[in-house]
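A.B. asks: Before I ask anything, let me first share the structure, which is written out below as structure tokens.
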Amino acid sequence: MFKKSFAIFAATLLLISSFLTLSNVKADTISPAVTQEESVTDLFSKANKYVTLKGKFFVLDKTAENLFTNSEIEKINTQISQTNKMLAETYSAENAKKS
């Protein structure tokens with residue numbers, strides 16, 4: 001179950017980072033938005049080691065509050081919330097199949 005949950009979390013991060021980067025690339029130029037989106041990807045990469053699975057859902061360790069800005073914490077928590085929502089839907093679908 002942990003591997004499946006972690007895989008969903010990792011896949012979500014990859015999809016978001018890929019989408020954000022690709023959506024901002026134009027011909028031979030790199031816009032400032034790409035740099036911003038790459039920094040979001042870097043942020044999620046740095047935050048990964050502070051995200052743990054508690055029960056069935058991911059949470060951000062309290063130690064991260066001292067390492068990231070309030071804005072970064074907000075972005076990380078938003079991503080965690082979206083991932084946890086996907087997990088809840090997956091768990092709900094799995095339970096429905098078992099019934």
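A.B. asks: Could you tally the net charge around Thr63, taking each other residue with its Cβ under 15 Å from the Cβ of Thr63, Lys/Arg +1 and Asp/Glu -1? Please report the intermediate quantities before stating the final value.
C.D. replies: On the way: positive: Lys46, Lys49, Lys54, Lys62; negative: Asp61, Glu65, Glu72.
Local net charge: +1.
A.B. asks: Could you compute the FRET efficiency for Asn95 and Leu53, with r as their C-beta to C-beta distance and R0 at 22 Å, rounded to 0.05? Walk me through the intermediate numbers first.
C.D. replies: Values: r = 19 Å, r/R0 = 0.84.
Computed FRET efficiency for Asn95 and Leu53 comes out at 0.75.
A.B. asks: Here are some pairs, Lys62/Lys97; Lys62/Lys98; Lys46/Lys97; Lys75/Lys98; Lys54/Lys97; which of them have Cα atoms lying more than 32 Å apart in this structure? Spell out each step's value before the answer.
C.D. replies: Numbers: Lys62/Lys97 36 Å; Lys62/Lys98 36 Å; Lys46/Lys97 36 Å; Lys75/Lys98 35 Å; Lys54/Lys97 24 Å.
Going by Cα-Cα distance, Lys62/Lys97; Lys62/Lys98; Lys46/Lys97; Lys75/Lys98 fall outside the 32 Å limit.
Readers should treat all values here as calculations from the given coordinates under stated rules, not as data from a laboratory. As the structure is a computational prediction, the values presented were derived from the model and not from experiment. With ideal geometry, Cβ positions are generated from the backbone for all residues, glycine too; neighbour counts draw on all protein chains shown.
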